[in-house]
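Worksheet: the structure to be examined is printed underneath.
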Number of protein chains: 2
Amino acid sequence: MNGLATRLLPVLGWGRSYSADDLPGDLMAGLITAIMLVPQSMAYAMLAGLPPHIGLYAGIAPLILYGIFGSSRALAVGPVAIVSLMTASTLATIAPAGSPEYIAAALVLALLNGLVLVTLGIMRAGFLTNFLSHPVISGFTSAAAIVIGLSQIKHLFGVDIPRGSVVETLTNLAQNIGATNAWAFGIGVGSIVVIVFMRDHLGKLLSRTGLQAFAIQLITRSGPLVVVAAGALIAADLALDKNAGLAIVGSIPAGLPELSTPSLDWDLWITLLPSAALIAFVGYLESVSVAKALASKKRQKIDADQELVGLGAANIGAAFTGGYPVTGGFSRSMVNFSAGANTPLASILTAALVAASVVIFAPMFHFLPRAVLAAIILVAVATLVDLKSPLRAWKYNKADGLAQWVTIFVVLLGGVEAGILTGIGLSLALYLWRTSRPHFAIVGQVGDSEQYRNVHRVKVRTDPEILLFRIDENLYFANAGYLEDHLIREVAENPEVKAVVLICSAVNLIDASALETLADLRDNLKHAGVTLHLAEVKGPVMDRLARSSFVEELAPGEVFLSTHDAVKKLRTELKADAWYPDI
Amino acid sequence: MNGLATRLLPVLGWGRSYSADDLPGDLMAGLITAIMLVPQSMAYAMLAGLPPHIGLYAGIAPLILYGIFGSSRALAVGPVAIVSLMTASTLATIAPAGSPEYIAAALVLALLNGLVLVTLGIMRAGFLTNFLSHPVISGFTSAAAIVIGLSQIKHLFGVDIPRGSVVETLTNLAQNIGATNAWAFGIGVGSIVVIVFMRDHLGKLLSRTGLQAFAIQLITRSGPLVVVAAGALIAADLALDKNAGLAIVGSIPAGLPELSTPSLDWDLWITLLPSAALIAFVGYLESVSVAKALASKKRQKIDADQELVGLGAANIGAAFTGGYPVTGGFSRSMVNFSAGANTPLASILTAALVAASVVIFAPMFHFLPRAVLAAIILVAVATLVDLKSPLRAWKYNKADGLAQWVTIFVVLLGGVEAGILTGIGLSLALYLWRTSRPHFAIVGQVGDSEQYRNVHRVKVRTDPEILLFRIDENLYFANAGYLEDHLIREVAENPEVKAVVLICSAVNLIDASALETLADLRDNLKHAGVTLHLAEVKGPVMDRLARSSFVEELAPGEVFLSTHDAVKKLRTELKADAWYPDI
């Protein structure tokens, strides 16, 4: 009972055994993650078409709920780029970005996302995400990062262009480039330079000063916070919104979020459900991948189904505290882990710091230039674009490479949802296609040994009357016909053949279709005066065959333990037959 | 060149080598098949919602074209029940059954069906039909036969009820049973009795008379023709249409079909294309299954791609000669084969006899009662209902049984198209689900031998520092995560483990996703102080791994030829390590 409670409420596990040794790491990780999360959450909210404070709200309750229900010790939950993009693309069909209906629909989307996750968790259906292949995920991530980056360029140039496809966005940008706002561009590019410099180069300089590693990490990760503060101060000081037409964030309500109630509009639920399910799927996958990677580095385990519950609780929390869909973010989790997070207390601390910043700094964010938020997003997603991966996949295997390239192109030209669905379908189809044309070999005896090898590779001894046919794949509906065709062809081309031995050493499964095909093969061969035998059938496969009448009806064909047993017996029998004339 | 021409135009093959010995069989088969085809083609046209002469037309040109382009020697092409049902269900959305627009749309459907088939044939995509699993085909056929049977009951009772779902049809029948036309019912039931008696019992009686086998087969197969002639004569003689309200076929144009031109209405093409593709798929499947079965009985081969071209040509022929979609029929092909068809000349002879009957007997068919045609259909489809198959599939394997039952229910409740698509999707999903949770085993050394077996089945020797993990399935995206989870769990639960050996003896394929997972596993294990090794990697899998950097980066992990090599080397190394303190 206690074990079950701990599984369902992981907080009971780490909470009870919490030791003072864990505290310094948790404190440090909580602080550093909060420093990243405050500016990122506002930026990703903007990406989602929502006011920045919605992002901050999504960085409070969800983190606490994940800390209670989640099974990963270092995962940093909150707004992330790809889920924000998917939120924007879903809600764009519902209401104008930023409108009250849009914000209300975001709550419903978070609630549905949470309900889907919790339901899958209760059904223990975490394995479903296994059907997303790596090439598809990688291609999807790269292409989504490009889409996200392009969507932010307008803020960097300070021009106003409508949401649209990749091609439309590029065309509109080219047409409006003359209207660039010099302040927006200067502040945006300057922010990028500052963040990249602080992240990639400042650490090396600071380490020469003998500063503590903890302080260095704190400083190098605070680039986004520095540009947010500096950008807001400059814009406020020079009143750039009025004097230079600079786009700023505008008024943000001060104080903690009030409890929000998502709409119970049934039609809206039905409309949003498919997208919510897809967001749940993609968000869970991003989250569980990083959680698994971090856990295995410490020989810890992730409970994939409990993760669904944890993320579901976080999203339901977001729905009731004025937030929007969240998940475990890749880069913040990596930072959280390397900053020393030992338990989810780090996350809870992050939430407290975000809450404090909402209370204290909200009024300051009024003048925050949108170009600064765009800069934060651009720096974050740039690392997600990985064009080496599709090249590597292509080199390893054309089919995998194809799935990846198609996913990339469909995301870029047809949108994120079409892209991921196409990718899933294509990778399934390609796997089935590959296993539908399995490798097979005609084998023969190596000298006088009990070894049987491919006649095309090794010099072997064969009997013209006995066809030894080895199939190197599971036998199932998609390749049963292929096996039948090739076996029949061999028999048709070798008229002396009187017995066929199907060697099943690589067969882990024979499904009902393949069984019917084998039965037809057995009967048709019998009609043509050829007996069918099996050899080297694995235990579990044989157990299942025993439930059908296949083996009885195989007679005079037999199931032999080894190929050699089959050959010995058949040689004797066929020679014996030769004494009598054919009927 | 000559070989290619013969492959593309099989008629050049059998035509040139035609011998006088083939003629008697072809003549007999052609005659018997024509005797079956004339009444069946009219009945199936009625099932498709078309006038009966359209069925006769579809029994002429398509047979000749298949004879020229097809690769099967005994296949009997023409209207068949399931394709007729699918035609009806497609055209019902276009125009009222039997209207000129409906008949015109049937031509377009035949043309599109033909174009799809020829295109697939040129692309050599015949393997696509492998993705229809046997349980799905079997369930689909049984359920479609039930739907077809129910659609004919109204003709048997002589009541007029609208097309509808299975439930609607049964409800409507129950409500209208009082309006039964006694003549229709009497003629219909009488026809069923005559056909079944002649088919199943007359042969035995006739064989006692010493009649030749050929004559007996001719007589027993002529039941449908007998009831057609008798029904038409009785109805005409008593003027049952006027005197008793009996539904009759009505006027049939005399003479051969004129050339018809299918409409080039682009919108209609787009509307019909998905259904045409599905009909092509199902029709091809029925046809190629029987063609393969018949060929293998004579050690002949079927060229699956040439079959697509042959059936495509037949359908294009149907479109230009006033017909509707056709394919190779199961029962007529069996009869054609057993009556002695040696070459497609039998089919061409059948076409000539059907053409003659159109010219000579068409006016006679005017008074043919619809109840007779319904009786012919009911007898034909009754043999297709096979409820033992889903029980057998369920017993052999729950997943296969489930796919079959779901297909049956969806066809009955949601229609044929929804049924077959659901079945295809479900059987693919179930296969992936099964291979996504593969069997794996922790193995140990059997005594001092080189044999390694499952620790749970055999008493074996294990080293606490070496984990021997054997996976019994291809490694691909759908199970890579499962492997990772279980391997990580074993390592987490056995803290002494310093080396993991992944035994790949049952792995025929490692895709890019699984490779990434293995790379992550390798790196995360390294981080946790554990080295990953591979053993018994098959040649083709190793060739592919060599194209990536996986093996180099495995170091100090290695790829061992055998599990025993791995154990010998690791035992030495780990003992050697024990001399030095851990760093």
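The values are calculated or read from the model by the stated rules, or taken from the named source; none is laboratory data. Just so you know, these numbers come straight off a predicted model, no measurement behind them. Cβ coordinates were reconstructed from backbone atoms using ideal geometry, including for glycine residues, and neighbour counts include every protein chain displayed.
Points worth noting:
- Here the condition is being aliphatic (A, V, I, L, M) and either closer than 21 Å to residue B:371 by Cβ or touching a strand residue (DSSP E or B) at 6+ places or on another chain (Cβ under 6 Å) (or both); of B:230, B:213, it holds for B:230 alone.
- Count of residues meeting criterion [at the interface with another protein chain (Cβ under 7 Å from one of its Cβ atoms) and buried (at least 16 other Cβ atoms within 10 Å of the Cβ)] in segment A:486-499: 3
- The residues of segment A:103-117 that are in contact with a helix residue (DSSP H, G or I) (Cβ under 8 Å, 6 or more places away or on another chain) and surrounded by fewer than 20 Cβ atoms within 10 Å (Cβ to Cβ), listed by number, are A:103, A:115.
- Search result, residues across segment A:527-538 that are at negative phi and more than 9 Å from chain B (Cβ to nearest Cβ): A:531, A:532, A:533, A:534, A:535, A:537
- Of all residues in segment A:500-516 being under 39 Å from the mean Cα position of the chain (by Cα) and more than 7 Å from every other protein chain (Cβ to nearest Cβ), the one that is surrounded by the most Cβ atoms within 10 Å (Cβ to Cβ): A:510
- Elements of type helices (runs of 4 or more DSSP H) contained in segment B:285-384, each with 2 or more residues being in contact with a Leu (Cβ under 7 Å, 6 or more places away or on another chain) and surrounded by fewer than 21 Cβ atoms within 10 Å (Cβ to Cβ): B:345-361
- Boolean, residue B:482 is within 41 Å of the chain's Cα centre (by Cα), surrounded by 24 or more Cβ atoms within 10 Å (Cβ to Cβ) and at the interface with chain A (Cβ under 10 Å from one of its Cβ atoms): no
- Residue count for segment A:3-39, restricted to those that are touching a Lys or Arg at 6+ places or on another chain (Cβ under 7 Å) and among the polar types (S, T, N, Q): 1
- Test: residue in segment B:351-361 that is touching a helix residue (DSSP H, G or I) at 6+ places or on another chain (Cβ under 8 Å) and within 14 Å of chain A (Cβ to nearest Cβ): no
- Entry remark, segment B:425-455: residues being more than 14 Å from chain A (Cβ to nearest Cβ) and either touching a Phe, Trp or Tyr at 6+ places or on another chain (Cβ under 8 Å) or hydroxyl-bearing (Ser, Thr, Tyr) (or both) number 7 in total.
- Breaking point among (1) surrounded by fewer than 18 Cβ atoms within 10 Å (Cβ to Cβ); (2) more than 14 Å from chain A (Cβ to nearest Cβ); (3) of a type in the set (Val, Ile, Thr), for residue B:458: (2)
- Flag not set for residue A:524, criterion: closer than 30 Å to residue B:441 by Cβ, facing chain B (nearest Cβ under 7 Å) and buried (at least 20 other Cβ atoms within 10 Å of the Cβ).
- Residue satisfying condition, being away from chain A (no Cβ under 14 Å), within 20 Å of the chain's Cα centre (by Cα) and at pLDDT below 90, within set B:340, B:310, B:329: B:329
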